[in-house]
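To keep things clear, I will list the structure first and then write my remarks on it.
The values are calculated or read from the model by the stated rules, or taken from the named source; none is laboratory data. Since we're looking at a predicted model, the values are computed, not measured. With ideal geometry, Cβ positions are generated from the backbone for all residues, glycine too; neighbour counts draw on all protein chains shown.
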Amino acid sequence: MSVMPLSFLNKLFKKKIEGKTAEEWYGLAVGETDPEKKIEYFDKVLELKPDFAGAWNLRGLEFVILKRYEDAIASFDKALEIRPSYPEAKYNREDADTELRKLRAAEGKAGEEMEEEDMGKANV
């Protein structure tokens, strides 16, 4: 029986993208301040470890910062799919959903006001 070379096992257990492991990408994401860059780094983590619920949750928080609530909710949903009892992801999802509803309500109100303005101009 032949013994597998250690380098093969390292590759098997330490998959890399662009020369970095999931752990290295995670470290970059956590240390980054730009939300867009953080999302990019979390995407690399998740490409290597798609079942990492914590990374999905943190990715969602970055989308919240960018006010991209639908993307945030999708990330939180993925975290909850992996870990259904994940309290932080549940809370964050509810918060993002509330913000999305507020945003849509404000957009609807602004749209109504514009229609009223247009009607007022038509009546002049």
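List of remarks:
- Of all residues in region 77-96, exactly one satisfies the criterion of being under 10 Å from the mean Cα position of the chain (by Cα) and not charged (D, E, K, R), namely Ala79.
- One residue stands out in region 42-62 among those that are among the aromatic types (Phe, Trp, Tyr) and surrounded by 24 or more Cβ atoms within 10 Å (Cβ to Cβ): the one that is nearest to Ala74 (Cα to Cα), namely Trp56.
- Options Leu46, Leu80; residue that is modelled with pLDDT of 95 or more, farther than 27 Å from Lys102 by Cβ and of a type in the set (A, V, I, L, M, F, W, C): Leu46
- One residue stands out among those in region 1-29 that are at pLDDT 90 or above and either over 21 Å from Phe42 (Cα atoms) or of a type in the set (A, V, I, L, M, F, W, C) (or both): the one that is surrounded by the most Cβ atoms within 10 Å (Cβ to Cβ), which is Trp25.
- Residues satisfying the stated conditions in region 49-76, i.e. more than 10 Å from the chain's Cα centre (by Cα) and either farther than 25 Å from Glu24 by Cβ or acidic (Asp, Glu) (or both): Asp51, Lys67
- Those residues of region 68-81 which are touching a residue at least 24 places away in the same chain (Cβ under 8 Å) and either outside any helix (DSSP H, G or I) or surrounded by fewer than 17 Cβ atoms within 10 Å (Cβ to Cβ) (or both), in sequence order: Glu70
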